[in-house]
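The values are calculated or read from the model by the stated rules, or taken from the named source; none is laboratory data. Note that this is a predicted model, so its numbers are computed, not measured. Cβ placement follows ideal geometry from the backbone for every residue including glycine, while neighbour counts extend to all protein chains displayed. Ligands, DNA and RNA are excluded from the accessible area calculation, which covers all protein heavy atoms including side chains. Shrake-Rupley method; radii C 1.70, N 1.55, O 1.52, S 1.80 Å.
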Amino acid sequence: MVWTTPKLLITTIAATVLTAQAAIQELDASQFKLFGKPGHYEALINKLDGILPNASGPSQFIRSYTYVLCHFDISTICTCCGIKKTGYDDINTDKWYPQGVTSSSDAYDKGTYGDNNIMLVSWYDHTVPASDPANKGVRISFVDMNKEQHNYRNVLLVVPEETSSGVPSFHPVRIHAGGIMWYDDKLYVVDTNAGVRIFDLGHICKVTVGDQIGYVSSDRYEAANYKYVLFITLYQKSQYVIPQWGYYLANSDVAKDFRYSFISLDRTTTPDSFVMGQYNSSGVNNRIVRFDLDYNTRLPIHSSDTYATATEFYYVGLKSMQGVTSVTKDGVQKYYFSCSRGENTNGDLYTWDRSTGALQQYTGELSKGPEDLTYRQQGDELWTIGEHPGERPVYALSANKY
Ligand SMILES: *[C@@H]1O[C@H](CO)[C@@H](O)[C@H](O)[C@H]1NC(C)=O
Ligand SMILES: *[C@@H]1O[C@H](CO)[C@@H](O)[C@H](O)[C@H]1NC(C)=O
């Protein structure tokens, strides 16, 4: 990943504004239902807690750092630097592709976790098919945004399980992880065909460095030593995993027909809510759906028992929609959509004013391969990330420009 600051970008944005032809259509949200299994893995997590040391939450965890993100000045949004300082190659690897983005500004109203300004990025195993047992699943980078040099650490997401002989273990989360959302101690990760998985950040477990994933031998657990990352073998003494805690599965016909491609938190609604969206290169069936959140449980508000019903559902129809976020300011609710336009073309940003219906296109406003979106209220910033090897900026646009 490559870091840049919002300020640098503000001066370089070309304000090409076109009015798009597409019309967004409202659909029946009451038909969109998810079935929740909060805490489904809690008993297994408790067993793992008894065996594996706790990394004491994201704050301390992020301080004990290994990698350094390259810090650089850019003159245009699409320039990328090569990483020279360190031995790792997350900027160029094709083994992992970055997708989702969220930050401590989503997690907490004040914007920080303790004193830490943290950004999370999800990556999926890009070379091994999800159906292959060798697929390592999803890793999350925890990026320390406080320092001039943005240190980060990669952590593997895992699903707790028991071996056939009843020993607590875990296996990789073999999904695309196209979008993530950090809400207090919970990390939401979209699961394309199924719904959304929830991880508990109160459990970041330390494991031994090694090639395997899960229980290996007496008290030895591993998390797929990322061999291609030279840096790990040189400096990293341990690795970490975050076990899945619960999930929400598509339950009604429309929910099952939806693809869960990306997700964002909206703290500007009452109550807090989140929006998920569907990707399709043709735009056909590209929709967005919103659920309200219960601040106390950090879970979707349940209409009955453990069913959650959507509060908003729209057909958007934009080609290759990769991210959505919405923000209400001065009574105006605005949606932002990121759309990719192929490996060699800059992505487009769209805005939609829900009350007037005005949809605007900002052609080429984003980097190549833009992905998930997240809003950072503290700086009124829209963050996204580029996915292609060699061009992976993590960057922000100033939301009030659009
Ligand atoms: C791990 O540490 C964090 C931060 O101190 C804490 O909130 C959490 O409860 C701890 N988890 C366990 C299982 O002890
Ligand atoms: C994606 O669009 C194509 C039309 O180009 C359509 O046939 C297909 O069903 C769509 N996929 C999904 C998952 O909606």
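When Lys and Arg each count +1 and Asp and Glu each count -1, what net charge do the other residues less than 11 Å away from Asp191, Cβ to Cβ, add up to?
+3
Tell me which residues come under 5 Å, amide H to amide H, from Val209 once H is placed; ignore anything under 5 positions away on its chain.
Gln239
Near Arg341, within a Cβ-to-Cβ distance under 15 Å, what is the net charge of the other residues, with Lys and Arg +1 and Asp and Glu -1?
Details: positive: Lys319, Lys368; negative: Glu343, Asp348, Glu365, Glu371, Glu387, Glu391.
That works out to -4.
Taking a temperature of 4 °C and a viscosity of 1.567 mPa s, what whole-number D in µm²/s does Stokes-Einstein yield for region 309-402 with Rh from Kirkwood over alpha carbon pairs? Intermediate values should be presented prior to the final figure.
Values: Rh = 13.7 Å.
Rounded, D is 95 µm²/s.
GluC sites (Glu not before Pro) within region 300-375: which are DSSP loop residues with at most 15 other Cβ atoms inside 10 Å? The partial results should precede the final answer.
Working: sites: Glu312, Glu343, Glu365, Glu371; in loops: Glu343, Glu365, Glu371.
Listed in order of number, the matching sites are Glu343.
Using a 1.4 Å probe and ignoring any ligands, DNA or RNA, find the accessible area of Arg220 and quote it in Å² to the nearest 10.
Its accessible surface works out to 90 Å², give or take rounding.
Go through Asp257, Asp348 and list them by solvent-accessible area, largest first, probe radius 1.4 Å.
These residues rank, largest area first, as Asp257, Asp348.
Roll a 1.4 Å probe over the protein chains and send me the accessible area per residue for region 272-376 in Å².
I get 35 Å² per residue for this part.
With each label point set 7 Å from Cα along the Cα-Cβ vector, what nm distance links Asp294 and Glu42?
Each label point lies 7 Å from its Cα, and together they span 1.2 nm.
Taking the Cβ of Val284 as the center, what net charge do the other residues with Cβ under 13 Å away carry, scoring Lys and Arg +1 and Asp and Glu -1? Don't jump to the answer; show the numbers that get you there.
On the way: positive: Arg259, Arg287, Lys319; negative: Asp257.
So the surrounding residues net to +2.
Given a 1.4 Å probe and every protein chain left where it sits, what share in percent of the accessible area of region 328-399 is carbon and sulfur?
41
Protein chains only, probe 1.4 Å: how do Asp211, Asp184, Asp90 rank by accessible area, largest first?
Highest to lowest solvent-accessible surface, that is Asp211, Asp184, Asp90.
When N counts the residues of region 176-215, how does its alpha-carbon radius of gyration compare numerically with 2.2 N^0.38 Å, as a ratio?
1.42
What full-extension length gain, to one decimal in nm, is calculated for Asn400 and Glu26 as 0.36 nm per residue of separation minus the Cα-Cα distance?
Here the answer is 132.1 nm.
Using only protein heavy atoms and a 1.4 Å probe, report how much of Asp305 is accessible, in Å² to the nearest 10.
120
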